[in-house]
Amino acid sequence: MATNIAAQCYTIRDYMQNEQDMEKSLEKLAKQGWRAVQLSGSAKIDPSLARDMLDRNGLKVAATHIGWDDLTQHTDEVISAHRIIGCKYIGLGSMPEKYRGSAEGFEAFAKDTEKLAKKIADADCTFIYHNHNFEFVRFGGLSGMDILVDKCAPEMQFELDTFWVQAGGGDVRAWIKRLVGRIDVIHFKDMAYDPEKRTGVFAEIGQGNLDWKRIVKTCKKSGVRWHIVEQDVCPGDPFDSLKISLDYLNDIGMK
């Protein structure tokens with residue numbers, strides 16, 4: 001089974017809210033065939049305890065999502081915890097509201113993350129930023145995402161989310177190519193169309209409309225290291241949705 005595919009635990013967040021449930025959930029993921037996870041949306045537990053759980057189930061940690069306050073106010077503790085769990089990629093799931101809505105806000109975010117990105121890099125880790133669709137709002141001739149790519153510290157990378165790129169009107173493969181050298185980690189997330197809601201909705205990988213064979217090929221050419229499967233909302237059991245996604249990726253050659 002591929003070690004460069006990971007399950008985003010935010011997908012199963014309702015089953016990761018205490019130590020006992022986390023143990024059961026990690027064991028279940030391992031039995032499905034996953035060999036790595038992203039820790040996000042789960043209960044905060046001692047990193048040594050988390051490492052023990054992961055090791056018992058043969059799981060690596062591909063990346064995390066850490067809250068803004070912890071990242072900026074407790075950076076040393078965050079770095080230490082990542083060393084314990086054996087994770088290189090320290091992620092921010094979204095920028096705080098105060099930065100959104102203007103080009104100046106995006107530029108301020110880039111400036112305010114510069115020292116953070118450098119400090120994390122000096123610790124032999126990498127700060128990664130996860131986008132949603134609001135980064136694709138345009139301010140004159142540039143989108144918010146353009147501003148981030150141009151203005152953020154070169155030590156900072158991007159955890160591109162395929163669903164949200166599509167939802168923002170972006171070209172997934174074009175953005176992967178643009179971020180070469182700054183996209184070690186990507187979120188694989190499919191989008192289907194709901195005729196009743198008249199909008200795109202979350203779907204298992206291969207069950208929506210994104211062109212996964214070409215996306216996977218572009219990732220390979222662009223040097224992506226971790227392909228993390230996430231589904232924000234699932235129609236039933238989220239473990240079943242993750243298994244459908246894993247089976248599809250295996251079927252198209254990600255093994």
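Values quoted throughout were computed directly from the atomic coordinates according to the rules given, and no laboratory measurement underlies them. Quantities reported herein were computed from a predicted structural model and do not represent experimental measurements. Methodologically, a virtual Cβ is constructed for each residue, glycine included, from the backbone with ideal geometry; neighbour enumeration extends over all protein chains shown.
What order do you get for C219, C125 when you list them from fewest to most C-beta neighbours inside 10 Å? Walk me through the numbers on the way to the answer.
On the way: C219 23, C125 18.
With the sparsest Cβ surroundings first, the list reads C125, C219.
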query = Out of L179, L242, L49, any idea which swings most in a Gaussian network model of the chain, alpha carbons joined below 10 Å?
reply = L49
ask   = Which cross-chain or sequence-distant (5 or more) residues have an amide H under 5 Å from the amide H of V229, H modelled 1.01 Å from N in plane?
value = A6, A7, Q8, F188
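How large is the helix-only mean residue ellipticity at 222 nm for the chain, computed as the sum of -39500 (n - 2.57) over DSSP H runs with n ≥ 4, divided by its residue count, in deg cm²/dmol to the nearest 500?
Details: 11 runs with 106 residues, N = 255.
After summing the helix terms and dividing by the residues of the chain, the value is -12000 deg cm²/dmol.
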ask   = Using every alpha carbon pair in region 131-219, what percent of pairs falls into each 5 Å bin from 0 up to the bin containing the largest distance?
value = 3, 13, 24, 24, 17, 11, 5, 1, 0
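Would you kindly calculate the mean projected area, averaged across all directions, of the convex hull enclosing the Cα atoms of the chain, in square nanometres? Don't skip to the answer; put the middle values down first.
Details: hull surface 52.1 nm².
Spelled out: convex hull of the Cα atoms, projected over all directions, averaged, 13.0 nm².
In debye, nearest 20: dipole of the chain around its Cα centre with unit charges on the Cβ of K, R (+) and D, E (-)?
Numbers: 34 positive and 38 negative charges, 196 e Å.
The dipole magnitude comes to about 940 debye.
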task = Check cross-link reach from K111 to the lysines: straight Cα distance under 27 Å, and skip same-chain residues fewer than eight apart.
result = K88, K98, K119, K151, K177
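Remind me, relative contact order of region 5-251 in percent, using alpha carbon pairs under 8 angstrom and six or more residues apart?
On the way: 435 pairs, mean separation 42.8, N = 247.
Worked out over region 5-251, it gives 17 percent.
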message = Return the Rg/Rh ratio of region 3-123 with Cα-based radii and a Kirkwood Rh.
response = 1.01
